[in-house]
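One structure is given here, and the rest of the page talks about it.
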Amino acid sequence: MRKLLALVLCMFPIVSMADTADVVANAEQVYEATRIVCSGISDEIAKVANVSKVNTAVTAVGTVAAGGALYAGVKKSQEEKEIEDIIENMKANGAFDVDKVRAMSLEEFYEKVVQPYADVAVLQEKIERSKKLGNWRTGLMAGTVGTNLASAILSGLNTNQSDLIQHITACNEMVQAIPDIEIQLKAAGVNPMEYPIVNRLRGVSTWCNKIDTHDIEKIENRMKGVMGTSIAGTVIGGIGVGTSAAANSDKYMDARNKYALTGEEKKKEHALNTTANVMAGANIATGAVETGLNISLITLTKKLIDTAERCEGTL
C-alpha cells in the first residue's frame, strides 16, 4: 500500500507540469495571434491625423487668401466711391456738357472746367489703383478655390474608414478571449515570475480593448463635415472669382467708360463688388469651420494614437 501511495504522489507533479505546459503554450498562441491582429492600428490612425494636419495647413492658406481678397475688395470699394464723387463733381459743374461749356464766361470755364480737369490725373491714378485691387481680389479668390478643392479631395478620400473599423473590431474580439486564458493560467498555478506570458497577457487585456469603433465613426463624420464645408467654399470661391472679374472688366474700369456709366450700370457695378466682397467674407467663415473640424480631428486622433501605442507596447 505504501509503495502504491508513493507512486501516486510521484505522478501528480508530472501531470501538473504537463497541464501547465499546455496552458502556457495555449496562452502564448493566443498572445501571438493577438499581437498579429492588434499591431498597426496606431499607424492607420496616424494617417488620418496627417490628413487633418495637411488640411489645417491648406485651410489656413485659403483663409489668409480670403482675408486678403476681402481687404482688397474693401479698399477697391473705397476707391470706387472716391472715383464716383470726382466724376459726379465734374458732371455737376458742366464739364461734360458742350452747350454749357460754350455758354460759360472765361472765369466760369476756368472754375468749372479747367480746375476740375486738374483732377483727371488723380482720377486716372485712382482707376488704375482700383483695377489693381480688383485683380488682386480675383486672384486671391481663385486661390481659395484651389485650397478648398484640395481640402475636399483630401477629406473625401478619408471619409470611409471601414478597414480601420474592421481592424479595431478584430483586435477587440481577440482581447475578449484573454480573461478566459488568464483564469486557466491561474487555475494551473502558473508563476508570473517563471512565465512572462502571464504579465504580457495582463498588459494586453488592460490596454488593447480601449478603442471604441464609435470613435472611428466620429472621425468619418468629421471628415464628411470638412469635405462638405470645403465643397461649399469651392462654390463660394468660384462665385467670388466670377463676380470680382466682372466688376473689374473694362466695361467698368476703362476710364473712357467710367465717365459714361448710367445710373443702372453704376448700381450693377456696385452690386458686383459687394457680392465679391461678401463671397470673400463667406470663405473666411468656411475656413474657420474647416479649421475647427480639423483641430477636433487632430485632438481625437492623438488620443486614439496614444491608446493604440500603449496597446502595441504590450505586444
_Extension gain (nm, one decimal) between Asn160 and Glu32, 0.36 nm per residue minus Cα-Cα_ = 43.2 nm
*Given a Förster radius of 35 Å and the C-beta distance between Ala21 and Glu309 as r, what FRET efficiency does 1/(1 + (r/R0)^6) yield to the nearest 0.05?*
0.60
*Measure off 7 Å from each Cα along the Cα-to-Cβ vector at Arg202 and Thr169, then give the distance between these two points in nanometres to one decimal.*
3.3
*Signed unit charges on C-beta, dipole axis of the chain, positive-most listed residue His167, Ser130, Asn283*: His167
*Hey, could you get me the Stokes-Einstein D for the stretch 182-250, Kirkwood radius over alpha-carbon pairs, 20 °C and 1.002 mPa s, rounded to whole µm² s⁻¹?*
122
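Contour minus end-to-end for Lys81 and Ile295, with contour as 0.36 nm per residue of separation and end-to-end as the Cα-Cα distance? Mind showing how you got there, number by number?
On the way: separation 214, 0.36 × 214 = 77.04 nm, distance 4.08 nm.
Net length gain for the segment: 73.0 nm.
Relative contact order, percent, of the chain when contacts are C-alpha pairs under 8 Å separated by at least 6 residues? Walk me through the intermediate numbers first.
On the way: 365 pairs, mean separation 107.0, N = 315.
After rounding, I find 34 percent.
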*Given +1 on the Cβ of Lys and Arg, -1 on the Cβ of Asp and Glu, and no further charges, what dipole in debye does the chain carry about its Cα centre, rounded to the nearest 20?*
240
*Label Glu128 and Val54 with points 7 Å out from Cα along Cα→Cβ: what is the distance between them in nm?*
4.4
*Taking the simple approach of a point 7 Å from Cα along Cα-to-Cβ for both Lys186 and Ala288, what is their distance in nm?*
5.6
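Can you tell me what the convex hull of the Cα atoms of the stretch 224-283 projects to on average, as an area in nm²?
Orientation-averaged projected area of the Cα hull: 4.0 nm².
Nearest 20 debye, what's the magnitude of the dipole of the stretch 114-182 about its Cα centre given +1 on Lys and Arg Cβ and -1 on Asp and Glu Cβ? Kindly include the intermediate steps, with their values, before the conclusion.
On the way: 5 positive and 7 negative charges, 186 e Å.
Around 900 debye, computed over the stretch 114-182.
We did not get these values from a lab; they are worked out from the coordinates using the rules stated. Please read all numbers here as calculations on a predicted model, not as lab measurements. All Cβ positions, even for glycine, are placed from backbone atoms using ideal geometry, and neighbour counts span all protein chains on display.
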